[in-house]
Amino acid sequence: MSKRDFLCLGDLSPEETRHVLSLAGTLKAAPKGSHADELRGRAVAIVMEKASTRTRVSFEVGVAQLGGHPVVLSPQGSQLARGEPVFDTARVLSRYCDAIVYRTSETTRLREMARAAVPVVNALSDDGHPVQVLSDLFTIEEVLRRRGDARRLSELTVAWVGDGASNMARSFVEASRLFGFALRIAAPEAYRPPADEVAGAGGRVSLHDRPEDALRGAVVVNTDVWTSMGQEAENAARMRAFAGWTVTEAMLKAAEPDAFVLHCLPAHRGEEIDDETIEGPRSVVWDQAENRLHVQKALLCFLLGV
Ligand code: CP
Ligand code: NVA
């Protein structure tokens, strides 16, 4: 059997995604230490070319909890910063490790790493953040279940307010295509997802000029930073373009009364979301962050066939 990568959400079939999310639920409910043999004797390289708190720690702790050995590499602490080609790194890591988790910018680098002989997981790139959004699907279903809301993902309206061209927004567009929910994106004209990705979602994704229009009917409201990692030089222009787009309690009146708020974090309070909202009763961001651990453990188990 050929090795399996997870570079985008579509690398898993809907049935496989269902299996991973269900396993994540099992792992979350299990007492600590009860799944400590799954990755025994295995090592997972976690290569981070950009800053990370959640992704790095949740993968590192997750591998350790499954009995495996995580190896964290940064460009400066490896030969990557001195120009060793990504494919050379991939081939060498494949000789020591059973999987590679990789955060980078360009898709070309991600694809080079995916030439490794072992499964490669996209831990964020310019085009998407699939491990975050996979985990967000788990969080959305968890919140609905806790409320006794029997709706399935395909019956939901999800709103996105802010940078519609960000890696997060683009993975939500992909999720809309794969899991059938309506995605209403409010973003200034210059910050919209690629047209082909929107078209690929077959009418499920709609684009709006005003946040309030995107929020109509939404039970899930999502935002992300206005300036992603690597876009710092554009910060001033982005602050101007997004002025007035801060997700606030007042803005959320346009959504369903019980709408809840996701943010992948880190958040810039006072920019894409205000303090009251992220700390308020609608916010599920801390559960959302925790769920990264459970979902990624399940994903690794699936990709490694254990
Ligand atoms: N949400 C997320 O990926 O956070 P980090 O950048 O801290 O990993
Ligand atoms: N869009 C953000 C996500 C961070 C987890 C970034 O790329 O910086």
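The values are calculated or read from the model by the stated rules, or taken from the named source; none is laboratory data. Just so it is clear, the model here is predicted, and its values are computed rather than measured. For neighbour counting, all protein chains shown are included, and Cβ atoms are generated from backbone atoms with ideal geometry for every residue, glycine included. The area values use the complete protein model at the heavy-atom level, side chains included, leaving out ligands, DNA and RNA. Shrake-Rupley method; radii C 1.70, N 1.55, O 1.52, S 1.80 Å.
Looking only at residues that are among the β-branched types (V, I, T) and touching a residue at least 12 places away in the same chain (Cβ under 8 Å) in the range 30-65, which one is nearest to E106 (Cα to Cα)? It would help to see each step written out before you state the result.
Initial filter on the range 30-65 (among the β-branched types (V, I, T)): 44, 46-47, 53, 55, 57, 61, 63.
Subsequent filtering for residues that are touching a residue at least 12 places away in the same chain (Cβ under 8 Å) retains 44, 46-47, 53, 55, 61, 63.
Values: V44: 22, I46: 17, V47: 14, T53: 20, T55: 18, V61: 26, V63: 26 Å.
The selected residue is V47.
Only one of L124, L134, L110 is at positive phi, within 16 Å of ligand 1 (Cβ to nearest atom) and surrounded by 15 or more Cβ atoms within 10 Å (Cβ to Cβ); which? Residue meeting the stated conditions: L124.
Scanning the range 64-85 for residues that are under 22 Å from L299 (Cβ atoms), touching a helix residue (DSSP H, G or I) at 6+ places or on another chain (Cβ under 7 Å) and crowded, with 19+ Cβ neighbours inside 10 Å turns up Q65, L66, P70.
Among all positions in the range 204-213, there is no residue which is open to solvent by 20 Å² or more (accessible area, probe 1.4 Å), within 28 Å of S52 (Cβ to Cβ) and either more than 16 Å from ligand 2 (Cβ to nearest atom) or not β-branched (V, I, T) (or both). Given the condition more than 13 Å from ligand 1 (Cβ to nearest atom) and open to solvent by 60 Å² or more (accessible area, probe 1.4 Å), answer yes or no: does some residue in the range 42-55 qualify? Yes, the range 42-55 contains a residue that is more than 13 Å from ligand 1 (Cβ to nearest atom) and open to solvent by 60 Å² or more (accessible area, probe 1.4 Å). Of all residues in the range 230-245, those that are more than 24 Å from A214 (Cβ to Cβ) and touching a residue at least 24 places away in the same chain (Cβ under 8 Å) have Cβ atoms under 9 Å from Cβ atoms of residues that are small (G, A, S) and surrounded by 12 or more Cβ atoms within 10 Å (Cβ to Cβ), 6 or more apart or on another chain, in G230/S105. Which members of the range 137-177 meet the condition of being within 16 Å of ligand 1 (Cβ to nearest atom) and either in a helix (DSSP H, G or I) or touching a Cys at 6+ places or on another chain (Cβ under 8 Å) (or both)? L137, F138, T139, I140, N167, M168, A169, R170, S171, F172, A175 - these are the residues of the range 137-177 that are within 16 Å of ligand 1 (Cβ to nearest atom) and either in a helix (DSSP H, G or I) or touching a Cys at 6+ places or on another chain (Cβ under 8 Å) (or both).
Each residue in the range 257-280 was checked for being surrounded by fewer than 17 Cβ atoms within 10 Å (Cβ to Cβ) and touching a residue at least 40 places away in the same chain (Cβ under 8 Å), and 4 pass. Every condition in (1) within 30 Å of V63 (Cα to Cα); (2) not in a helix (DSSP H, G or I) is met by R292 except one, and the failing one is (2).
Remark: pairs (first residue in the range 122-133, over 13 Å from K50 (Cα atoms); second residue more than 10 Å from ligand 1 (Cβ to nearest atom) and open to solvent by 10 Å² or more (accessible area, probe 1.4 Å); Cβ separation under 7 Å; 6+ apart in sequence or on different chains) = D127/T107; D127/R170; G128/C8; G128/R170; G128/E174; P130/C8.
Looking at the range 1-13, is at least one residue over 17 Å from the mean Cα position of the chain (by Cα), assigned to a loop (DSSP other than H, G, I, E, B), without any contact (Cβ under 8 Å) to a residue 60 or more places away in the chain and surrounded by 12 or more Cβ atoms within 10 Å (Cβ to Cβ)? No, because not a single residue in the range 1-13 is over 17 Å from the mean Cα position of the chain (by Cα), assigned to a loop (DSSP other than H, G, I, E, B), without any contact (Cβ under 8 Å) to a residue 60 or more places away in the chain and surrounded by 12 or more Cβ atoms within 10 Å (Cβ to Cβ).
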